[in-house]
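See below for the structure under consideration.
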């Protein structure tokens with residue numbers, strides 16, 4: 001595995017820690033490229049003919065496919081291995097973080113010279129975060145195990161990189177590179193004085209933006225204190241000016257009409273049916289007239305064939321991504337309309353790795369992230 | 001700089017949330033986790049051995065090629081054969097246990113035991 005580019009907050013790995021992470025990374029590449037594709041012949045040659053024989057028709061949607069495929073032995077074995085590989089990601093990063101935690105906490109306590117960090121100990125962590133640990137990261141993004149904790153952020157940095165099998169790039173910022181490249185192409189003349197990134201976790205995306213646009217004032221919010229402490233220290237280590245604060249994107253303390261651009265990077269599917277509308281409403285409130293909202297998330301169900309739709313939803317049922325099940329069928333332009341955006345200013349678009357400045361070896365050019373755009 | 005021992009903390013190792021059951025017998029789920037973990041640990045051990053070999057060569061103790069062409073003396077061969085046999089028996093003990101139980105249970109007329 002190609003390691004992440006080192007920065008001052010990145011947990012160092014001794015021999016076996018590096019080796020264990022490399023194994024998980026390579027194992028996941030093997031699962032994705034050699035084992036996962038077997039689900040297609042398994043379905044078309046075995047599961048589908050049996051279904052047609054019994055019912056006299058093909059499955060009408062991905063839900064029907066799920067009911068039969070989850071009993072298929074090939075699918076079950078792949079699925080069980082995929083789940084284990086996800087657990088193994090975290091197991092492979094915890095040791096190094098735990099070992100260095102006191103030092104990492106000390107480093108994160110240094111005040112920033114570029115940006116800032118504002119925490120709110122009274123902020124209530126929403127239920128969609130506390131109900132289950134998202135992506136199976138033990139302790140999730142919001143739990144402090146010790147004063148000044150940064151463990152969740154330190155684990156997230158290596159863990160998401162291994163999850164993506166290197167696809168997030170050695171700067172762990174591929175999503176930021178995609179939205180940045182997309183924005184420059186879509187809105188070449190838009191001047192940005194003030195930008196907000198919602199649900200930033202360790203700020204991988206917003207920090208990339210801040211590095212590209214040092215004249216712009218960048219703000220980033222998340223509900224998780226340990227990821228914000230880590231993200232702030234990481235941004236400082238990378239020389240980027242970002243103002244991190246612990247806030248819920250559903251209701252922030254920023255003033256009306258105070259941002260030129262509001263972004264989020266695969267935040268929405270980690271929220272809830274109520275929260276997502278609140279987030280769109282809040283985005284509208286915070287935008288200056290002419291300001292742009294750009295929420296990037298994962299593909300929706302519409303247009304996907306039943307088998308592909310079912311396989312795409314593996315993460316929902318096996319990787320604690322519960323709200324994604326609902327988001328898959330939601331009407332994003334309708335959320336925009338309800339928030340106040342006019343029809344002619346709502347643009348459902350998509351962007352992929354082709355917008356990245358640094359191509360990574362595993363970047364999948366064929367995969368596109370939908371981006372919901374609303375202009376106030 | 002704080003001493004690591006003074007602030008030692010154990011991070012949680014298990015994610016909150018219901019874990020799906022993949023096989024009709026939950027024992028198979030556990031076995032698969034064990035096998036995959038063993039796969040990983042064996043890979044880690046192989047990497048570590050590789051590092052040892054490379055460092056030995058770098059420091060001029062011997063060449064890695066010497067390993068490839070190592071001629072096994074008879075006594076070493078004997079030791080390895082015994083160790084390998086014991087290792088296989090240890091890993092496959094659960095199979096042997098089942099066979100032993102069957103032997104005890106039945107008339108034993110179809111199976112002859114060495115001991």
Give me the base-10 log of I(q)/I(0) for the range A:246-376 at each q in 0.13 Å⁻¹, Debye formula, one uniform scatterer per Cα, rounded to two decimals.
-0.59
Averaged over all viewing directions, the convex hull of the alpha carbons in the range A:103-174 casts a projected area in nm² of 6.2
Out of A:56, A:290, A:224, a Gaussian network model of chain A with alpha-carbon springs under 10 Å gives the largest mean-square fluctuation to A:56
At q = 0.17, 0.27 Å⁻¹, what is the log10 ratio I(q)/I(0) for the range B:7-69, with the Debye formula run over Cα points and no solvent?
-0.79, -1.10
Using the Cα atoms of the range A:138-281 to build a convex hull, what is its mean projected area in square nanometres?
9.0
What does DSSP give for the range A:185-285 in terms of the percent of beta bridges that are antiparallel, rounded to the nearest 5?
5
Based only on other Cβ atoms within 10 Å, what is the fewest-to-most ordering of A:207, A:118, A:201?
A:118, A:201, A:207
Quick note on A:146, A:371, ordering by fewest other C-beta atoms within 10 Å, gives A:146, A:371
Report, to two decimal places, the Cα Rg of the range A:230-290 normalised by 2.2 N^0.38 Å (N = number of residues).
1.26
Take A:266, A:373 and order them by how many other Cβ atoms sit within 10 Å, fewest up front.
A:266, A:373
On the first, second and third principal axes, largest extent first, how far apart are the outermost C-alpha atoms of the range A:1-135 in Å?
68, 40, 24
Would you mind telling me the antiparallel percentage of the DSSP bridges in the protein assembly as shown, rounded to 5?
35
How far is it, in nm, from the label point at residue A:281 to the one at residue B:49 when both lie 7 Å from their Cα along the line to the Cβ?
6.3
Using only the C-alpha atoms of the protein assembly as shown, find the volume of their convex hull and express it per residue in Å³.
221
Nearest 500 deg cm²/dmol is fine: what mean residue ellipticity at 222 nm does chain A get from its DSSP H runs of n ≥ 4 alone, each adding -39,500 (n - 2.57), divided by its residue count?
-13000 deg cm²/dmol
Average projected area of the Cα convex hull of the range A:1-72, in nm²?
7.4
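Bear in mind that the values in this text are calculations on the coordinates, not laboratory data. Everything numeric here is computed off the predicted structure, so don't read it as measured data. Note that we place each Cβ from the backbone using ideal geometry, even for glycine, and neighbour counts take in every protein chain shown.
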